[in-house]
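Below is one structure, written out as structure tokens; the observations come after it.
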Amino acid sequence: MRLRKKWWARPEMEKDSKAVIDPYAVKGRWRENFGNDNPIHLELGCGKGQFITTLAEKNPDINYIAIDLKDEVLVFVLRKLNEMELTNVRIIPMFIERVDEIFEKDEISKIYINFCNPWPKVSHNKRRLTHPRFLTKYKRFIQPGTEVWFKTDDDDLFEASLEYFEEENFEELYRNWDLSESDFKDNVRTEYEEKFSAFGVKIKFGIFRYREERIES
Ligand SMILES: C[S@@+](CC[C@H](N)C(=O)[O-])C[C@H]1O[C@@H](n2cnc3c(N)ncnc32)[C@H](O)[C@@H]1O
């Protein structure tokens with residue numbers, strides 16, 4: 001029998017309510033799940049969670065949800081949350097493709113996308129997390145005025161994403177082709193960002209605000 005890598009990760013997560021194994025059952029009830037009415041911010045593809053845990057510690061009055069498909073990275077996020085005694089984060093093991101099935105309209109008021117796969121082949125562009133196919137999904141559950149904060153090491157992905165956001169009625173609030181040389185104060189570094197920066201790769205960063213009425217689902 002073939003064992004999954006880090007087979008113990010899922011059972012460990014199942015024991016902790018900060019890991020939401022069945023997020024579809026919580027659709028429309030995330031505030032109840034957190035036990036307060038604080039705003040909820042979402043990170044797509046959180047990896048090992050340096051970014052989300054840093055933000056959650058800085059901002060106890062904001063709730064955070066972090067999604068990743070890999071149990072073997074999420075289990076480390078969960079351990080960090082427990083070490084840091086953070087109660088304002090939930091982690092979800094799932095494919096982002098189904099993200100619009102776990103939130104009701106207006107449940108989310110900010111999205112972070114950090115170093116997602118650039119999917120360089122044209123036939124794969126639709127899998128980019130900033131592609132209009134995904135932006136349309138996000139619009140089903142974000143509040144008007146929601147900002148998407150997007151960072152990448154990839155020039156082509158960044159350039160294409162500027163167009164994707166414009167096409168989907170997101171207003172560009174900020175754009176920088178070399179974040180480490182910028183005067184932007186609120187940056188929180190991710191694991192991948194540290195790796196790329198150490199190799200001298202320039203980090204591209206943009207903030208895009210959803211300005212239209214939401215589309216009906
Ligand atoms: C390149 S890593 C970046 C991790 C982290 N954001 C950082 O900047 O250090 C991309 C992460 O997204 C996750 N991921 C990629 N595609 C995904 C998808 N379709 N659904 C859920 N997670 C995905 C991967 O498992 C991986 O942890």
(1) in contact with a helix residue (DSSP H, G or I) (Cβ under 9 Å, 6 or more places away or on another chain); (2) more than 16 Å from the ligand (Cβ to nearest atom); (3) of a type in the set (Asp, Glu) all hold for Asp100 apart from (2)
Cβ pairs under 6 Å, 6+ apart or interchain, first in the range 30-55 and polar (S, T, N, Q) and at pLDDT 95 or above, second more than 16 Å from the ligand (Cβ to nearest atom) and part of a helix (DSSP H, G or I), ordered by first then second residue, are Asn33/Val26
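What do you reckon, is Val75 over 26 Å from Glu147 (Cα atoms) and buried (at least 21 other Cβ atoms within 10 Å of the Cβ)? Write out each step before concluding.
Numbers: over 26 Å from Glu147 (Cα atoms): yes; buried (at least 21 other Cβ atoms within 10 Å of the Cβ): yes.
Yes: the conditions hold for Val75.
Per-residue answers, yes or no, for (1) within 12 Å of the ligand (Cβ to nearest atom); (2) closer than 15 Å to Val99 by Cα:
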site: Trp7; (1), (2): no, no
site: Glu14; (1), (2): no, no
site: Val20; (1), (2): no, yes
site: Lys27; (1), (2): no, yes
site: His41; (1), (2): no, yes
site: Lys48; (1), (2): yes, no
site: Thr54; (1), (2): yes, no
site: Tyr64; (1), (2): no, yes
site: Ile67; (1), (2): yes, yes
Looking across the range 18-71 at residues that are touching a helix residue (DSSP H, G or I) at 6+ places or on another chain (Cβ under 6 Å) and among the small types (Gly, Ala, Ser), the single one that is farthest from Lys151 (Cα to Cα) is Ala19
For the range 109-136 the number of residues that are within 17 Å of Asp68 (Cβ to Cβ), within 14 Å of the chain's Cα centre (by Cα) and part of a helix (DSSP H, G or I) is 1
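Quick check: is even one residue across the range 123-131 within 13 Å of the ligand (Cβ to nearest atom) and polar (S, T, N, Q)? Explain how you work it out, then say what you get.
Restricting attention to the range 123-131, the residues satisfying the condition of being within 13 Å of the ligand (Cβ to nearest atom) are 124, 126-131.
In the following step, the residues that additionally are polar (S, T, N, Q) were identified as 130.
Yes, there is a match, as at least one residue in the range 123-131 is within 13 Å of the ligand (Cβ to nearest atom) and polar (S, T, N, Q).
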Those residues of the range 103-119 which are more than 13 Å from the ligand (Cβ to nearest atom) and either in contact with a helix residue (DSSP H, G or I) (Cβ under 9 Å, 6 or more places away or on another chain) or under 30 Å from Asp156 (Cβ atoms) (or both) amount to Phe103, Glu104, Glu107, Ile108, Ser109, Lys110
Across the range 173-202, the tally of residues that are within 20 Å of Thr146 (Cα to Cα) and within 15 Å of the ligand (Cβ to nearest atom) stands at 2
When the range 106-145 is checked residue by residue, the ones that are surrounded by fewer than 16 Cβ atoms within 10 Å (Cβ to Cβ), free of Cβ contacts under 8 Å to residues at least 40 places away in the same chain and charged (D, E, K, R) are Lys121, Lys126, Arg133
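The values are calculated or read from the model by the stated rules, or taken from the named source; none is laboratory data. Just so we're clear, the structure is a prediction, and the values are computed from it rather than from any experiment. Neighbour counts run over all protein chains shown; Cβ positions are idealised from the backbone, glycine included.
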